[in-house]
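Here's the structure, in structure tokens; my notes come after.
Read the figures in this text as sums done on the coordinates, not as results from a lab. None of the values given here were measured: they were computed from a predicted structure. Every residue, glycine among them, receives a Cβ derived from its backbone with ideal geometry; neighbour counts consider all protein chains shown.
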Amino acid sequence: MTGRDAMLAAFDRLFDTAATKLGMDCDEQDKQAAKRTFAERFSAALDMVAQVHMTEVPNDVMRGMEEAIEHLSPAQVVGHLAAIPLAHQTHEMLRVIAHQSAQQRLLDHLITQVDDQYGGN
């Protein structure tokens, strides 16, 4: 089993824990759709751990994550849900800012080269 397989198996277990905590009935199709979304969102991390051989996420670690889910208050659950679209939007805004910054640095670099090469002004 690869690290990717172990993480996806851990997702299944944590999904069940979260569904139980929220008192939600999710069929297998819902669970698989959520798993696909998770795999897409965290594909870079899953690709990295795919190179690691592991049998499973250690039980102590899994119990700790399950306990964290169990101890979430309703307000914390709502806060996490509210943060998801904001985090996505912030990520997109940061990507645009980084792109604009890179363009500006490139222009500054080209201007400096022209000044150095042709004596400025």
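A few notes on this one:
- Table column - 3J(HN,Hα) (Hz), the range 33-46, Karplus curve with 6.51, -1.76, 1.60, x for Gly and Pro: 5, 5, 5, 4, 4, 4, 5, 5, 5, 10, 4, 5, 5, 5
- Sum of -39500 (n - 2.57) over DSSP H runs of 4+, divided by residues of the chain (222 nm, nearest 500): -28000 deg cm²/dmol
- C-alpha long axis of helix 74-118 to longest principal axis of the chain, angle in °: 20 degrees
- Compactness relative to 2.2 N^0.38 Å, alpha carbon Rg of the chain: 1.64
- Among His99, His109, His91, residue whose mean-square fluctuation peaks in a GNM of the chain (springs only between Cα atoms under 10 Å): His109
- The range 18-85, dipole about Cα centre (Lys/Arg Cβ +1, Asp/Glu Cβ -1), debye to the nearest 20: 200 debye
- GNM flexibility winner over the chain from Met54, Met93, Met62 (Cα, springs under 10 Å): Met93
- Positive-end extreme of charge dipole, the range 24-108 - chosen from Thr37, Ala98, Ala75 (charges on Cβ): Ala98
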